[in-house]
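Just so it is clear, none of the values below were taken in a lab; they were calculated from the coordinates. This one's a predicted model, so the numbers in the text were calculated from it and none came from an experiment. Neighbour counts are summed over all protein chains in view; Cβ atoms, including those assigned to glycine, are modelled from backbone coordinates with ideal geometry.
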Amino acid sequence: MAERDPLLQRLLAAESAARLEELVAANLQEVLAAFPGWTTVPAPIRHDPRATEHYVHRVILVARLLAAQGHPGPLRAIEGDRDDNPMYRWSETFAQAQALAGAGRHADSVEMLTTLLADLDQASGSAVDDVRSKVYGALGAVWFEAGDVGQSLHWTERALEACRAKGDTEGIATYRENLQVLEALHLPTVDPEAGAWLLECRRLIVAAQAASDRFEYAESNQALGDALAVVSDGGERLRSTFAGKIYGLRGWNHHHLGDSAAARTDTERALSECRAAGDPNGVRVYTANLQFLSR
């Protein structure tokens, strides 16, 4: 098992490229013998995107160091023939689509990204899932630049779903923020009543945050109470988007007003709302806040 391989663990833990090169040179034959078993990501980290990325990057570096020392086999085994390697083809297509979008050729970029999605649908695996989520996000960005907020919203939602499926917390945070902006632009045009609720809720939260930043905690809580009333009338989508932020800020205000019990109650509610909404960034923030309040 890779996770029980002491040599591999030393290579993974090397604190610099120079140290990694030293380890490879000092254990050259052992590395060459063991390398074929390192080309598969260990099962315990496959659901951790950052750990997987670090593992793959480090194994590729080791292969390049071996090639530099006259042993190209491991690198060739990983990269293969670039013309036959779908990862290179997908990467090149994605880069070309991004370049087209940057040049204002939005229709051509969308066509290329859509073709890339069709190609990805013929494959599977964590690498495919990673590329697919990026393509969804890119389609959201291109459609926004092209002026179609509805399409941008659709593809950004798919990017968020894809990031949730693979546990990409950074992607989740990014696309949740993007969606909040897109919904504020799009919803008033298709559902004026719901759009009015959303914009009013955003206005109240911004006002509450500004008041809290000015140390006017009671005034901030008044605005947050009004925002909660809007959320209550505005439906589940509004609650999922804003309730965690509202309760979290109100809990923080209560802390500064000296009401420890109310601070804990609201922060616990914020944490619960963020968990229900699938907001890992909110979960992280309010878990830390609760720990602070419990001191």
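Per 0.36 nm of contour for each residue apart, how much would the distance between Arg295 and Glu268 grow if the chain were fully extended, relative to their Cα-Cα spacing?
8.2 nm
Going by a ≥ b ≥ c, the root eigenvalues of the Cα gyration tensor, does segment 2-80 fall in the rounded group (a/c under 1.5), the prolate group (a/b larger than b/c) or the oblate group?
Judged from the Cα gyration tensor, segment 2-80 comes out prolate (a/c at least 1.5, a/b above b/c).
Sort Ile205, Ile45 so that the residue with the fewest other Cβ atoms within 10 Å of its own Cβ comes first and the one with the most comes last.
Ile45, Ile205
Helix by helix, which DSSP H runs in the chain go 15 Å or more along their axis at the Cα atoms and have an average Kyte-Doolittle hydropathy of 0.0 or more?
Span-like helices, by this rule, are 49-68, 106-120, 126-146, 169-190, 192-213, 217-234, 280-293.
For the chain, what is the relative contact order in percent, using Cα pairs closer than 8 Å and at least 6 residues apart in sequence?
Computed over the chain, the figure is 9 percent.
What is the packing order of peptides 241-249, 212-220, 153-161, 117-125, taking the mean over residues of other C-beta atoms within 10 Å and listing the highest first?
Top to bottom by mean Cβ count within 10 Å: 241-249, 153-161, 212-220, 117-125.
Among 284-291, 264-271, what's the highest-first ranking by average C-beta atoms within 10 angstrom per residue?
Put in order of decreasing packing, that is 264-271, 284-291.
Let me make sure I get this right: for the chain, a, b and c are the square roots of the gyration tensor eigenvalues over alpha carbons, sorted descending. Under 1.5 in a/c it's rounded, otherwise prolate if a/b > b/c, else oblate. Which is it?
Oblate shape, in that a/c is at least 1.5 and b/c is the bigger or equal ratio.
Can you show me the helix-derived [θ] at 222 nm for the chain, built from DSSP H runs with n ≥ 4 at -39,500 (n - 2.57) apiece and divided by the number of residues, rounded to the nearest 500.
So the helix-based figure for the chain works out to -26500 deg cm²/dmol.
Going by the alpha-carbon gyration tensor, a ≥ b ≥ c the square roots of its eigenvalues, is segment 191-293 rounded (a/c under 1.5) or, if a/c is not under 1.5, prolate (a/b greater than b/c) versus oblate?
The shape class here is oblate.
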